[in-house]
Amino acid sequence: MSALISLKDVCKSFGGIVVADHISIDIQRGEILGLIGPNGAGKTSLFNLISGVYPADSGSISVSGQSLDGLNLHQRARLGVARTWQHMRLFASMSVLDNMLVAPRDYPGEKISNILFRPKQTAAANVAMHERAMGILKRMNLQAIADSSVNDITFGQQKLVGLARALMNDGECLLLDEPMAGVEGNAYETMKSIVREEAASGRAVCVVEHNVSFIKDLCNTAVFMASGKILERGSVDSLLASQTLADLYFGA
């Protein structure tokens, strides 16, 4: 079976700092792969390489068999690479719903030519996009705050909105960067449920997370990184049973 997300011998450094050292990872459709390791291991840098925040120095990255090499961030997003961010990057002065509506990868209303020459089709697409956004918010029990400013909702709700916005990109690659940081209670359980559902729908999901319980609940397989290298891949339990990896992760 060909991988949905494939990295082959990917390298990236900034001066003398190596953030990706010959990284090769395959993630299958329907898989939730955990990416764990200490701070500075290169986990978020790997997401930045996949999503196009910066280019790889060498190696190749592909999604659904299509090379991403040479493409920038918004081009990769249009090809279905969706992600969340550690610090969410929500538009604080906008409503929850408006944050959702800026995220689809195919939005006819972005083009003036569509508004001028295809007004009915564009209006219909706008209505459909609005309904889709509300449907995603309903899945997360957030429909009641759709018109609220992002500044006026709780931190846990903001985290869920970050995931909801990523889901507005209906592509097959979903990268979640520390989705559980600061999340607890109902938001925690909702996050787990949604991630499982998205993988079951056929997406390839990769999760960077320091919450090992969350990773164990969701992932059959995890990759342990340190200093820009993959040290080991296996079950979360087997990785944490390694004394060397435990020392690197938790300290001696």
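The values are calculated or read from the model by the stated rules, or taken from the named source; none is laboratory data. Quick caveat, the model's predicted, so the values are computed rather than measured. Note that each Cβ is placed from the backbone with ideal geometry, even for glycine, and that neighbours are counted across all protein chains shown.
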- Note on the structure: For the range 4-38, the count of residues that are over 18 Å from A226 (Cβ atoms), touching a Lys or Arg at 6+ places or on another chain (Cβ under 8 Å) and either in a strand (DSSP E or B) or of a type outside the set (A, V, I, L, M) (or both) equals 3
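Quick one: in the range 131-189, of everything that is of a type in the set (D, E, K, R) and in a loop (DSSP other than H, G, I, E, B), which residue is farthest from T44 (Cα to Cα)? Reasoning before the result, please.
Pass one, the range 131-189, residues of a type in the set (D, E, K, R): 131-132, 138-139, 147, 152, 159, 165, 170, 172, 177-178, 184, 189.
In the following step, the residues that additionally are in a loop (DSSP other than H, G, I, E, B) were identified as 147, 170, 172, 178, 184.
Numbers: D147: 31, D170: 22, E172: 19, E178: 9, E184: 22 Å.
Across the range 131-189, the extreme among qualifying residues is D147.
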- Message: Restricting to the range 25-74, and then to whatever is surrounded by fewer than 23 Cβ atoms within 10 Å (Cβ to Cβ) and of a type in the set (D, E, K, R), can you tell me which residue is farthest from the chain's Cα centre (by Cα)?
- Response: D57
- Task: Taking the residues in the range 206-242 that are surrounded by fewer than 21 Cβ atoms within 10 Å (Cβ to Cβ) and in a loop (DSSP other than H, G, I, E, B) as candidates, determine which candidate is modelled with the lowest pLDDT.
- Result: S242
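Only helices (runs of 4 or more DSSP H) wholly contained in the range 39-101 count here; list those with 1 or more residues that are polar (S, T, N, Q), farther than 26 Å from K138 by Cβ and in contact (Cβ under 8 Å) with a residue 40 or more places away in the chain.
43-51
Which residues, taken from the range 72-90, are of a type in the set (D, E, K, R) and out of contact with any strand residue (DSSP E or B) (no Cβ under 9 Å at 6 or more places or on another chain)? Before the answer, list the steps.
First, pick out the residues of the range 72-90 that are of a type in the set (D, E, K, R): 76, 78, 83, 89.
Answer for the range 72-90, where residues must be of a type in the set (D, E, K, R) and out of contact with any strand residue (DSSP E or B) (no Cβ under 9 Å at 6 or more places or on another chain): R78, R89.
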- Please indicate, with yes or no, whether at least one residue in the range 129-146 is β-branched (V, I, T), within 21 Å of A204 (Cα to Cα) and surrounded by 15 or more Cβ atoms within 10 Å (Cβ to Cβ). yes
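If I filter the range 110-117 for residues that are over 29 Å from F14 (Cβ atoms), touching a helix residue (DSSP H, G or I) at 6+ places or on another chain (Cβ under 8 Å) and either at pLDDT below 95 or not in a loop (DSSP other than H, G, I, E, B) (or both), do I get at least one hit? Give the derivation first.
Initial filter on the range 110-117 (over 29 Å from F14 (Cβ atoms)): 110-117.
Among the residues that remain, those that are also touching a helix residue (DSSP H, G or I) at 6+ places or on another chain (Cβ under 8 Å) are: 114-115.
When the remaining residues are screened for being either at pLDDT below 95 or not in a loop (DSSP other than H, G, I, E, B) (or both), the result is 114-115.
Yes, the conditions are met somewhere in the range 110-117.
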- Query: Do we find that A20 is of a type in the set (G, A, S) and buried (at least 21 other Cβ atoms within 10 Å of the Cβ) in this structure?
  - Reply: yes
